[in-house]
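These notes are about the structure you will find just below.
The values are calculated or read from the model by the stated rules, or taken from the named source; none is laboratory data. Quick caveat: nothing in here was measured; it's all calculated off a predicted structure. Cβ placement follows ideal geometry from the backbone for every residue including glycine, while neighbour counts extend to all protein chains displayed.
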C-alpha cells in the first residue's frame, strides 16, 4: 500500500521536471532572435502581430588618454608641397613588347612562311615581311581565294602595323581563311599581352566587324564594300593621340625629352674642355 503512493509521487515529480525543462527550452526558442519564432507561430495561427521599430541611441565618443609623442620629425617628399602642374598630365600608352622582326620569326615558326625582314618597296624607312597563300577555286579557276599577312616596323624594330587581308569564294576556303585570321588574332594578343583584343576571336570567326582602340593602339576587323567575301584585320598605332598620350610618348622618347642622369642609368656627362 505504501509503494503505490511513492511511485505516483515519483512519476509526478518527473513529469513536473520534464515539463519545466521542455517549457524553458521552448520559451528560449520562441523568444530568440527578437521573438522571430514566436511571431512566426502567431502568424501561422492567424493571430495579429504588431512590430515596432526601436531606434538605437546615438553613440557617445569615449575619451581616452594616451602617451603623446613629441619632437618627432616626419620626412615628406618635396612633391607634396609642390603646386599642381596643369597641362602636363600624362596618360596610359600601350608599349608593344615585340618588334616587327620578332613578329616575322614568330609567324614563320607557326607555319605562315614569312618573307625576309627587309626595307619596304614604298618606304625605305619602314621594314616589312609578308606571307601570301592562294587557294584554287575548282568552280571558277580564274577567281581563287587568297590570304595575305603583312607586318611592318621601323628600321630599329618598333612595331608599326600588322595586317591580314583574305578573300574567299566558296564555303571550304571561307572556313580555312577565317581560322587563319583568327590564329593571327590570338597569337598577336598573346605576343603583345593585349588580352582585350583576344576576346574578339568569336566575332572574327562569325565574320562580325569590330573595332577596338586602347591606349594608343587600335585593332579593326571589317569587310570591304567592293565585293562579298573580302575582309581586313588591321592592328596599328592610333593615328590620333590625345595630348596626354603625346606627352607620355615624348617622355619615353629621349630624343624629344630630357635624358636621364648617370645616377639613374643615363649616359655619362660629356667632359667639355676648360675655357681659357
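Checking residue 137 against (1) assigned to a loop (DSSP other than H, G, I, E, B); (2) without any contact (Cβ under 8 Å) to a residue 40 or more places away in the chain; (3) in contact with a strand residue (DSSP E or B) (Cβ under 8 Å, 6 or more places away or on another chain); (4) more than 30 Å from residue 228 (Cβ to Cβ), which test does it fail?
So residue 137 meets the others, but not (4).
Residues to consider are 86, 98; find the one that is modelled with pLDDT under 75, under 42 Å from the mean Cα position of the chain (by Cα), within 30 Å of residue 235 (Cα to Cα) and in a loop (DSSP other than H, G, I, E, B).
None of the other options fit; the residue is 98.
Output the number of the condition that residue 247 fails; it satisfies all remaining conditions of (1) modelled with pLDDT of 75 or more; (2) over 30 Å from residue 203 (Cβ atoms); (3) loosely packed, with under 15 Cβ neighbours inside 10 Å.
Status for residue 247: all satisfied but (3).
Just name the residue that is farthest from residue 144 (Cα to Cα) out of those in the range 164-223 that are in a loop (DSSP other than H, G, I, E, B) and within 20 Å of the chain's Cα centre (by Cα).
In this case the residue turns out to be 215.
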